[in-house]
Amino acid sequence: MKKIKNMDVEWGYTGDRGPEHWHELCDWYREGATYPYQSPIALHHQSNENQSTLKNQDSTTNELSFYYVQEHFTEKEFKNTLHFVPYDTQSYVLFRSDKYVLTDIHVHMPSEHQINGQQEGLEFHLVHMNEQGDNLVLGVLFNLSETGGLDIEKETDVIWDLANHSEWFNPIVFLPQEKSHFYYVGSLTTPPTVGPINWFVFDTVQPMSRQFIAQFKNEITENNNRPLQPIKDRKISYFTGVRKE
Ligand SMILES: [Zn+2]
């Protein structure tokens, strides 16, 4: 069943409405929290006692392929962060032959996932949905650069009109050239924290311009990262690439 109302009950990252209380705020959040495999989690390239990381045995590429195009977004603040929302859902990915359209791009500061014990300055989530309403999320980690790094408004073919909340860009701009990634099944990292969600977290950390992000300081709630969740008996896979079309 597709849930469309996601803002009924106010929640946050500190105090009485912080992450440790989300499941107490309403029945919907309580139900979501019962999903046993929550996100985010700590990811490691090497297997350790808490995690068995397995390289895919059959193939080094995952069954994910990108069909991203330049499209029209609007930016807005809700759910404690900045979101870029496409007007028409033209960009999509194919995963195991199922089509998931890109519905939302948003930001966590600092990163929610950690790779080899390292937390980064930023994590972008590219949220996708298939016809059944199942989610697939890409996590892309960035560190903040004082002198360079990704500044989307300066990329070619990008139209950036914040005054009118109108931006045209190809969401591929957020993804690293190198498509190696962790894959695991988890949950949304914000209420109602429902699962299962297919998670792809790229292990290439890219620089992003601090100047670019600074213009959204009023939209992004400080420390809007959910704490790490237990891995339990989950299998985490690591893939060195994605299928080329
Ligand atoms: Zn997120």
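Build a GNM of the chain with springs between Cα atoms under 10 Å: which of H72, H165, H83 gets the top mean-square fluctuation?
H165
Take Q118 and K79, extend 7 Å from each Cα along the Cα→Cβ direction, and tell me the distance between the two endpoints in nm.
It is 2.8 nm.
Figure the gain on full extension for R243 and H165 (residue separation times 0.36 nm, minus the Cα-Cα span) and round it to one decimal in nm. Don't skip to the end; give the middle numbers.
Values: separation 78, 0.36 × 78 = 28.08 nm, distance 3.42 nm.
Stretched out fully, the R243 to H165 stretch lengthens by 24.7 nm.
Assign one of three labels to the chain, namely rounded, prolate or oblate, based on the Cα gyration tensor with a ≥ b ≥ c the square roots of its eigenvalues; rounded applies when a/c is under 1.5, prolate when it is not and a/b is larger than b/c, and oblate otherwise. Walk me through the numbers before you get to the answer.
Details: a/c = 1.32, a/b = 1.07, b/c = 1.23.
It is rounded, given that a/c, with a ≥ b ≥ c, falls under 1.5.
Looking only at the stretch 109-245, where both bridge partners belong to it, what percent of the DSSP beta bridges are antiparallel (to the nearest 5)?
Working: 21 of 30 bridges.
Here the share of antiparallel DSSP bridges comes out near 70 percent.
Remind me, relative contact order of the chain in percent, using alpha carbon pairs under 8 angstrom and six or more residues apart?
Details: 571 pairs, mean separation 69.5, N = 245.
Contact order relative to length: 28 percent.
Report the local net charge at I41: Lys and Arg +1, Asp and Glu -1, summed over other residues whose C-beta lies under 10 Å from its C-beta. Spell out each step's value before the answer.
On the way: positive: K232, R234; negative: E112.
Combined, the nearby Lys, Arg, Asp and Glu give +1.
Leaving ligands, DNA and RNA out of it, report the carbon-plus-sulfur percent of the accessible area of the chain at a 1.4 Å probe.
Details: 5670 of 12140 Å².
So the carbon and sulfur contribution to the accessible surface is 47 percent.
With the dipole of the chain worked out from charges on the C-beta (+1 for Lys and Arg, -1 for Asp and Glu) around the Cα centre, which of G32, T147, W22 lies farthest toward the positive end?
Farthest towards the positive end: G32.
Give the longest segment of the chain that steers clear of trypsin sites (Lys or Arg not before Pro) in DSSP loops with at most 13 neighbouring Cβ atoms within 10 Å, not counting the sites themselves.
Of all site-free stretches, the longest is 97-216.
Tally the DSSP beta bridges in the chain and give the antiparallel ones as a percent, rounded to 5.
Numbers: 48 of 65 bridges.
About 75 percent, rounded to the nearest 5.
If I build a Gaussian network model for the chain, linking alpha-carbon pairs within less than 10 angstrom, which residue out of E155, E75, E120 has the largest mean-square fluctuation?
Highest fluctuation of the listed residues: E155.
How much length is gained if the chain between K154 and V173 is pulled fully straight, taking 0.36 nm per residue apart and subtracting their Cα-Cα distance, in nm to one decimal? Don't skip to the answer; put the middle values down first.
Details: separation 19, 0.36 × 19 = 6.84 nm, distance 1.12 nm.
Computed gain between K154 and V173 is 5.7 nm.
Once you charge only the Cβ atoms, +1 for Lys and Arg and -1 for Asp and Glu, what is the size of the charge dipole of the chain about its Cα centre, to the nearest 20 debye?
620
With a probe of 1.4 Å, find how much accessible area the chain has per residue, and write the answer as a whole number in Å².
On the way: 12140 Å² over 245 residues.
Per residue, the chain has 50 Å² of solvent-accessible surface.
Of the listed pairs K79/K217; K76/K232; K154/K244; K179/K217, which have alpha-carbon separations greater than 26 Å here?
Going by Cα-Cα distance, K76/K232; K154/K244; K179/K217 fall outside the 26 Å limit.
The values are calculated or read from the model by the stated rules, or taken from the named source; none is laboratory data. Treat the numbers as computed from the prediction; the structure is a model and nothing was measured. Heads up, the Cβs are rebuilt from the backbone with ideal geometry, glycines too, and the neighbour counts pull from every protein chain shown. Side chains are part of the model used for accessible areas, which takes the heavy atoms of the whole protein and leaves out ligands, DNA and RNA. Shrake-Rupley method; radii C 1.70, N 1.55, O 1.52, S 1.80 Å.
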